[in-house]
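Chemist: Can you read through this structure? Questions will come right after.
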Amino acid sequence: MNEALQLSVVVPVFNEQDNVGPLLREILAALRGRIDFEVAAFEVIFVDDHSRDGTLQALQALKAEAPELRVLHHVQQSGQSTAIRTGVKAARGAWIATLDGDGQNDPADIPKLLDARATAQPTIKLFAGWRVNRQDSGSKRWASKWANAIRSRMLRDDTPDTGCGIKLFEREAFLDLPYFDHMHRYLPALMQRAGWQTVSVPVNHRPRSAGVSKYNNLNRALVGIRDLRGVAWLIQRSKRTAVEEV
């Protein structure tokens, strides 16, 4: 890992050919030349989850204008959690910022998460975005409200919005978590299970300007019920102990 590289921005994408260019430029504008936090260098890793449109070609063309850009490609579609993990494993930064590839997360919020980290206790390993003004359809907001309520009751993770794609976390802590499909929706609970603290930070949320959503309320609900039971089981079966070298 590059000691001078403190931050890696990981963006999973699937069929987002019209969003990757504007999103990359916003990330660069938010991070290049900043001097009010300690990050001196960064990289941006887009992970293409075997898109069927021109996403990969668009990303390859963007490398000419952005030396910070790295492009990884899944040879078969594997899902968002796998794409995030692929990016984190390849990352050279000690801390990871994630964004959804649809452009609804605002890259200008990354410095806000970094500022929150700068004044936080070292036991806090995850700074989770909290979309206080959702720009989604009424049905999606309603479904998320109920899903968050059920998740909070079952997992007691004290997190109002685990579905927000913009997050900041320590790479080492993330890679120590159990991996499973859809794990990205349960990062606060998994971090807390590992003995770390998490905080939620209000962030901006924007309407999708191009492309279409890859999820619907029904498939989210069906997968979420099974995952909730699994994460609850993991929490119940976890054991932590202090270790000292003698």
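The values are calculated or read from the model by the stated rules, or taken from the named source; none is laboratory data. All values reported here derive from a predicted model rather than from experimental measurement. Virtual Cβ from ideal backbone geometry, glycine too; neighbours counted across all protein chains shown.
Chemist: Just to be sure, is Glu38 farther than 20 Å from Arg117 by Cβ and at pLDDT below 95?
Modeler: Judged against the criteria, Glu38 is not a match.
Chemist: Follow-up. Please work out which residue is nearest to Phe127 (Cα to Cα), limiting yourself to segment 7-49 and to residues that are of a type in the set (Asp, Glu) and either in a helix (DSSP H, G or I) or in contact (Cβ under 8 Å) with a residue 40 or more places away in the chain (or both).
Modeler: My answer is Glu38.
Chemist: When you scan segment 216-228, do you find a residue that is modelled with pLDDT of 80 or more, more than 22 Å from Leu168 (Cα to Cα) and over 17 Å from the mean Cα position of the chain (by Cα), even just one?
Modeler: yes
Chemist: Continuing with this model, one more query. Looking only at segment 95-121, count how many residues are touching an Asp or Glu at 6+ places or on another chain (Cβ under 9 Å) and surrounded by fewer than 16 Cβ atoms within 10 Å (Cβ to Cβ).
Modeler: So the answer is 3.
Chemist: If you don't mind, there's one more thing I want to ask. Kindly indicate the residue of segment 120-143 that is part of a loop (DSSP other than H, G, I, E, B) and at pLDDT below 95 and also farthest from the chain's Cα centre (by Cα) among those meeting that condition.
Modeler: Ser137
Chemist: With the requirement that a residue be in contact (Cβ under 8 Å) with a residue 24 or more places away in the chain and in a loop (DSSP other than H, G, I, E, B), what does segment 105-119 give you?
Modeler: Across segment 105-119, the qualifying residue is only Asp106.
Chemist: Of the residues that make up segment 24-33, is at least one in contact with an Asp or Glu (Cβ under 6 Å, 6 or more places away or on another chain) and either surrounded by fewer than 18 Cβ atoms within 10 Å (Cβ to Cβ) or not β-branched (Val, Ile, Thr) (or both)?
Modeler: no
Chemist: Assigned to a helix (DSSP H, G or I), surrounded by fewer than 21 Cβ atoms within 10 Å (Cβ to Cβ), within 19 Å of the chain's Cα centre (by Cα) and not polar (S, T, N, Q) - does that describe any residue in segment 71-88?
Modeler: Yes, there is a match, as at least one residue in segment 71-88 is assigned to a helix (DSSP H, G or I), surrounded by fewer than 21 Cβ atoms within 10 Å (Cβ to Cβ), within 19 Å of the chain's Cα centre (by Cα) and not polar (S, T, N, Q).
Chemist: Among the candidates Arg52, Arg92, which residue alone is in contact (Cβ under 8 Å) with a residue 12 or more places away in the chain, farther than 17 Å from Gly165 by Cβ and over 17 Å from the mean Cα position of the chain (by Cα)?
Modeler: Of the residues listed, the single one that is in contact (Cβ under 8 Å) with a residue 12 or more places away in the chain, farther than 17 Å from Gly165 by Cβ and over 17 Å from the mean Cα position of the chain (by Cα) is Arg52.
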